[in-house]
Every structure is written in structure tokens, then in C-alpha cells.
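The values are calculated or read from the model by the stated rules, or taken from the named source; none is laboratory data. Quantities reported herein were computed from a predicted structural model and do not represent experimental measurements. Don't worry about glycine lacking a Cβ; one is built from the backbone with ideal geometry, like all the others, and counts go over all protein chains shown.
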Amino acid sequence: MSVELDATNLSVEGEIPSGLNGVFLKNSPTALFHPAGPGLPAEGAGKVHALYLENGVARYRNRWVRTAEYRTERAAGHPLAASCAGVHPANSRIVAHAGHLLAMGDAGRPYRLDWDLNTQGPNDFQTAFPGGMLSHSKLDPETGEMVLLANETRECRLDCLTVDSSGKLGKILSFDSPWPSKIHDIAVTRNYVVVIVSPFVLEDPEPRWRPVMGTAVALIPRRGSEQGIRWLETRPFFHFHVMNAFEKDHYIELQLPWYSSWREGAPLVGAELRRIRINLENRAIVDEQIDDCACEFPRINDHFAMRENRFGYAAFRNTRPGEQPAEGSFEGFARYDFKAASRTVHTLPSGEFVGEPVFVPAKNAGNEGEGYLMAIIFNALQDRTSFRIYDAQNLYETPLAQIQLPCRVPAGCHASWVPAQEVS
């Protein structure tokens, strides 16, 4: 995966749905030099894979995100220690906001990319702001506002930022974290930001799981000040990602894959989908299990972000005999119907694995669930990577379209769909 390449007029099996014009993007940390060692190189440089769909035609392109750390390591000609090159930023996710593509990571600033993946430089949102932005910003579909979090673990400080629809930084709320912890995602509703600080404590000489500390939950008013922030407590758990969060009656509901404990490098344990409810009147927190099977990389119809959603989607663990999936890959994907309390699972054939699936609403969709589920599929038996589009309401059916990609694409980290009109 070390080369940059372009491929046009890719062969399409089936038919790309009419009106589906845009780009499917995958950003993953990738080692600049080989051998890179086993597993996902979590601190590798960001490399973006793009599949452009236009009027039924598909083309592919990949490019490195040319951060300062990338240039330093590339100039050296060999891997550098973190103390020399720094942990690579902009290597986890792509977000479209204010006419730009933003390559996000859990360290440093986002980097702006143009439609063709050329790096335009770091994004400072037109003013100085704290470093260490998390990968998972949240976009408000009604206002266009973006909410971000910076996690400064050395100083036990959290910075909650808002960026308006034009890309200008609006507000920073800075406050103390009870202890330094790994945070990858946040939850946002119409009126609140929810930050979960798990007892996975970042301490020397190595991080430790300390369940006796419980879990601290910050409840941050989106339009308030630092004085309005409230800290709540609940039982110990860990999470990577949030499917969605919304307010209803007198509570906030979060949907997320839940881990009862976490250890770096340990096999996936837990990750069942759970519902967390925060009572805004008495500040009690309760949780209940939605599913008893493991899932990750949860997604929704983004038009329903921060609002009550009926449907959710996730990569689904369904281990097949004799197979050992790579980190970040799953054997299928699921559609959850929270109104009907049901799930539909599409299990891939033996030897195939999927990363994060992405839901894309159909053109002129009449309801929340009408649209497509897109994903990168890796066939380990044939060493081939394909891109597939499924009817999200009929996951048991064969894909509407399948496109063979010209190179291997990592399963790990995050995928995005960006309609053509969203990026200048």
C-alpha cells in the first residue's frame, strides 16, 4: 500500500444507483516503510483512498496526507521514533465541512484536502486553537455547526470547540478532566455535548484499566459557559464510538458499542450495542443492552444526527470457524430497527471481511431508512478488495453494484460518503 495510484473506468458488476454522485473515502494509518510489523499501525501516516462515482462511472485514487510529520519521515527514508517525527495526525477519518475535506486524527490539527486529495495544509479554523483534536467531530445537520473535542492528557484538560458553517471557530470551553484517559469520540445532541472519561487511565509506564474509579461523564451545554458543565458518575465501561445521541422528554439517550473493560492489544471483548440514558432532572445514568453480539463502527442516516433515530448500522462480529480476522475487520454488517426492536444481519461469504459501512440516503428518500449501505470488502482468499453498494432496506439481497479496486485497501479506521456538491 506504499504507492499512490489512479485508476479510471473501473468495471462495475450490477448498476450504480441513479443520482449517486460523490466520493467514498477511506482514511487509515499506514506505515510509510516496510516491514511495518503486525496489526494496524495506529500511529502511521494518513493515507486516503477515494472511489469517485459519477453518472454510473467509477474511478479510484489514493494519496498520502502530506502532514509535517509525513514529510519529516519521508525525508529521513526510514521509520522515526515518535519523539523525532511526532505521532502522525490526520490519519483516521475524513469530514466534509465548509467546502473542504478535512483529514482528522486523534493528534494535532486536521488537514485540508481538495476534491482530488491534494493536501492544502493544516486547518486552524481561522484562529489559534488547542491541538490534539479527536477524530470524531459531530456535524449538526440543521445548523451546519461542527462540534469538536481536544484531549490534552498531559495536563488533564479538555477543550470543547464549535465551528460555524463557514469554517470559523466560534467558541472554546476549556475545563479539567478528572484523570488522563483515552477518548476517541463524543456524543452531541441539540443542546448538549456528552464526553465519557473511562477508567482506562493513561499513566506511566503504561496505561491501566482502573475500574474502581468508575466512569466520569461530562454534560456540557452547547450554548453555555464553563460554569454550566456538570460531571456525573456511572459504572466503569469503555467505548470507542457513538452511534447517535438525542434528547427526549427529560433525558439524553446514547447508543454505542460497550466494553466492560479495555486493554491495549487485547482481543475484542464486549462491544455489544447498548443504550445509555442520562436523566436531566436527577442526573442518574442507566444503561441497557440492545444486543448481545459484538459490533463496531456504528453509523446512522446523518440527516438524523442529534435527533431521535429509528435505524442504525454497524460492522458485525459473526466469527466463522477456522478464520482469524484482521484488526478492524468484521464478517458482516447489521441494520438495527429500534422501533421494531429487531436487527437484520448480512453475513459475508467465507474469507470476506468488512470495515466500516456507511449509510447514504437515496435521492428524494421518503423515509429515514431508504438508501444504500456502502462498504469496502476484502477477500482474504483471493487477496482482492472490492467496493459494494447494498439496498439498506434489503440487506439479504445481493449487492446492487460491486466494483473491484486496483489495490488493497485497509479495513481499519473510518469511511465517509461526500456528495459532489459539498466540496468546492
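Only one residue in Asp302, Asp291 is touching a strand residue (DSSP E or B) at 6+ places or on another chain (Cβ under 6 Å), among the acidic types (Asp, Glu) and either over 27 Å from Leu381 (Cα atoms) or buried (at least 17 other Cβ atoms within 10 Å of the Cβ) (or both), so which one is that?
So the residue among Asp302, Asp291 that is touching a strand residue (DSSP E or B) at 6+ places or on another chain (Cβ under 6 Å), among the acidic types (Asp, Glu) and either over 27 Å from Leu381 (Cα atoms) or buried (at least 17 other Cβ atoms within 10 Å of the Cβ) (or both) is Asp291.
Looking at the stretch 49-73, I want the residues that are surrounded by 22 or more Cβ atoms within 10 Å (Cβ to Cβ) and have a partner that is acidic (Asp, Glu) with Cβ atoms under 6 Å, at least 6 apart or on another chain. Which pairs are those?
That search, which allows pairs on different chains as well, returns Asn62/Glu4.
Identify the single condition in (1) outside any loop (DSSP other than H, G, I, E, B); (2) among the charged types (D, E, K, R); (3) over 21 Å from the mean Cα position of the chain (by Cα) that Glu281 does not satisfy, given that it satisfies every other one.
(1)
Select from the stretch 1-33 the residues that are over 27 Å from Thr398 (Cβ atoms) and part of a loop (DSSP other than H, G, I, E, B) and list them in ascending order.
Listed by number, the residues that qualify are Met1, Ser2, Val3, Glu4, Leu5, Ala31, Leu32, Phe33.
What strands (runs of 3 or more DSSP E) completely inside the stretch 141-259 contain at least 2 residues that are aliphatic (A, V, I, L, M), surrounded by fewer than 16 Cβ atoms within 10 Å (Cβ to Cβ) and modelled with pLDDT of 95 or more?
Once the strands (runs of 3 or more DSSP E) in the stretch 141-259 are filtered for at least 2 residues that are aliphatic (A, V, I, L, M), surrounded by fewer than 16 Cβ atoms within 10 Å (Cβ to Cβ) and modelled with pLDDT of 95 or more, nothing remains.
Kindly indicate which of Arg310, Arg277 is surrounded by fewer than 22 Cβ atoms within 10 Å (Cβ to Cβ), in contact with a Gly (Cβ under 8 Å, 6 or more places away or on another chain) and closer than 30 Å to Trp231 by Cα.
Arg310
Could you say whether any residue in the stretch 330-339 is within 23 Å of Leu405 (Cα to Cα) and out of contact with any His (no Cβ under 8 Å at 6 or more places or on another chain)?
Yes, the stretch 330-339 contains at least one residue that is within 23 Å of Leu405 (Cα to Cα) and out of contact with any His (no Cβ under 8 Å at 6 or more places or on another chain).
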